[in-house]
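The values are calculated or read from the model by the stated rules, or taken from the named source; none is laboratory data. Keep in mind it's a predicted model, so treat the numbers as computed, not measured. Positions of Cβ are generated from backbone atoms using ideal geometry, with glycine treated the same way; all protein chains shown enter the neighbour counts. When the accessible area is computed, the model is the full protein with side chains, heavy atoms only, and any ligands, DNA or RNA have been set aside. Shrake-Rupley method; radii C 1.70, N 1.55, O 1.52, S 1.80 Å.
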Amino acid sequence: MGDINRPAQLASDLEAIDLDIHDLMHIRSFLDHNRPYVPRYDRGVSLGDAPRGAMETPMTYEHKSKRRLSRRQILRSGAAALGGTGALLAGATSAAQNQGPAVLTGTQIGRTFRGLVRHDTTLDVQELRLLPSDPRQVVIRSLAVAPCYTIVRGALGTNPIQRAEVPNHCGFGVVEAVGAMVKRVQVGDRVVVAGTAQCGQCYQCLQGRPDYCQFTFFSNAPGVEAFPPFAEMRDGTRVYAQAGIGGMSEIMTAFEEYCVPVFSDLPAAELTLLGDQLSSGFAAGHADMHFQPGSDVAVFGAGAVGLGAIQAGRVMGAGQVIAIDPIKYRREFALKMGATIALDPVAEGDGLVERVRELCRGANDRRFAGGVSWGRAGNASMARGADFVVEAAGLQAFPPKVEAQPDPTNVKTVQQAWDSTRMGGHVMLMGLTVQPVSFPGAALALLGRTIHPGQQGGLHVMRDIPRYVKLIEKGKVDAKSMITKRYTLENSRQAVQDTADRTIITGVIDFA
């Protein structure tokens, strides 16, 4: 058939052998989209008749034009497509291993798959059927997901739930279809589905705070639900995705603002940690507070998020990283991830804050030489403490099967994190408590401690996740070691239970 780098010659060759137009379109479709070509009259409905909001695959909207083309024009177009995709053919085997095949049907609606569903008083795996999607949504075949501790209270609860829901607010997979308005990702892309959106156009994004993007937890369709149901069970029960993402099912339907394309061959199990836990903790010390070389860092909580912050301290060159956690195996793990010392808050008791301050006292107390006073009263006490403190302990959702935290409400831990911060230092509150927390008014006004809210650590998903991918590739950030147990979808409920029991650092569900 001639040299594929010479499209004009190839077009002539194709015409000479009288290749059928439909044969040519089949070839082009497989090269461009990994799916067979379906003529307009075989698609069931015309584009003009398709319901508004119905999902369109690339093959649907690629052929919208009704302009008639000559046989030679079509052949030349097909030859150009063949000429430009020789490299794709050469790498098809590798791509298939990393991404898997795309969907081979012309529509996603009605597609069946399985997912972990919280419904009525139960959490179990159900067979689901995909519903129509928004033009800005993406259909993603899940490859891996890590349950977050935040979800365990709702997922494992036994109270009747008002609506069926797939748990979790992040995931990782391969794009299998895109809505007509989607620009960010393409079919075949590997994508991190992050817990926070980034549209790049709303007020928060334009002010440099995409961690508070207005698309987070909302769609842009006025007068409708923020996130409509994306599937239904066999009995017709509509199923929603938690936070519009879900993640614990074989298929996700997410708005494109949550999707971050990742151009890496790293294992899916490692990349899925960048949707929430690891990236949030790392961002605390990189994206928002900016740990300084040689600085003192204290991290309350050595779970998945806290370990991300501990690794940020190591990567950013902190002088010391103090890990604080009641669970022995987590303290030991924190030392492997970059902590220089690990403290047990139960053993330290009411002396914990003073212990942190003493660890951060510095090499000398000569104020004219840049030292910090070692005194324990008045202004001397205010000056002592860590430069950066991350509170990532969180409230206790269920009694753990390991050592319990000193204050299950997490109120005292938040106050200790504040008190452990030096005058003029920075503290980020990531762990969450549902109880009111009080701070002394004078100290709040005068000590210059900056409180950073912990919404995903200040993560800018489109900017930061690709950076963290590179750090993992270069061995600077260790995602692999943080995965301490693997699961299948069939035992995904156990993954949530183990997360609630705090018997693992991070569990990852692998999808076949």
_Subset of the stretch 467-479 that is in a helix (DSSP H, G or I) and open to solvent by 50 Å² or more (accessible area, probe 1.4 Å) - its residue that is farthest from Ala287 (Cα to Cα)_ = Glu473
_With the requirement that a residue be assigned to a loop (DSSP other than H, G, I, E, B) and surrounded by 21 or more Cβ atoms within 10 Å (Cβ to Cβ), what does the stretch 485-503 give you?_
Arg502
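Quick grid of which residues meet (1) surrounded by 15 or more Cβ atoms within 10 Å (Cβ to Cβ); (2) touching a residue at least 60 places away in the same chain (Cβ under 8 Å); (3) more than 22 Å from Val262 (Cβ to Cβ):
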position: Lys401; (1), (2), (3): no, yes, yes
position: Ala417; (1), (2), (3): yes, yes, yes
position: Leu429; (1), (2), (3): yes, no, yes
position: Pro436; (1), (2), (3): no, no, yes
position: Leu444; (1), (2), (3): no, no, yes
position: Gly458; (1), (2), (3): yes, yes, no
position: Val461; (1), (2), (3): yes, yes, no
position: Ile483; (1), (2), (3): yes, yes, no
*Hey, could you check the stretch 150-190 for residues that are under 16 Å from Phe263 (Cβ atoms) and touching a Leu at 6+ places or on another chain (Cβ under 9 Å) and say which is surrounded by the fewest Cβ atoms within 10 Å (Cβ to Cβ)?*
Val174
*Kindly list the number of the only condition in (1) free of Cβ contacts under 8 Å to residues at least 12 places away in the same chain; (2) small (Gly, Ala, Ser); (3) closer than 22 Å to Ile505 by Cβ that fails for Ala268.*
(1)
*Determine the pairs where a residue that is within 13 Å of Gly385 (Cα to Cα), located within the stretch 341-369, has a partner that is part of a helix (DSSP H, G or I) and not β-branched (Val, Ile, Thr) with Cβ atoms under 8 Å apart, the partner being 6 or more residues away or on another chain.*
Leu352/Pro345; Leu352/Gln416; Val353/Gln416; Val353/Asp419; Arg355/Glu348; Arg357/Ser381
*Do we find that Met382 is aliphatic (A, V, I, L, M) and touching a Leu at 6+ places or on another chain (Cβ under 7 Å) in this structure?*
yes
_Count of residues meeting criterion [under 18 Å from the mean Cα position of the chain (by Cα) and basic (Lys, Arg)] in the stretch 436-474_ = 3
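One line per residue, one yes/no per condition, for (1) of a type in the set (D, E, K, R); (2) open to solvent by 20 Å² or more (accessible area, probe 1.4 Å); (3) in contact with a helix residue (DSSP H, G or I) (Cβ under 8 Å, 6 or more places away or on another chain):
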position	(1), (2), (3)
Ile322	no, no, yes
Tyr329	no, yes, no
Asp344	yes, yes, yes
Val356	no, no, no
Leu359	no, yes, no
_Residue that is touching a His at 6+ places or on another chain (Cβ under 7 Å) and at pLDDT 95 or above, where the choices are Ala164, Ala144_ = Ala164
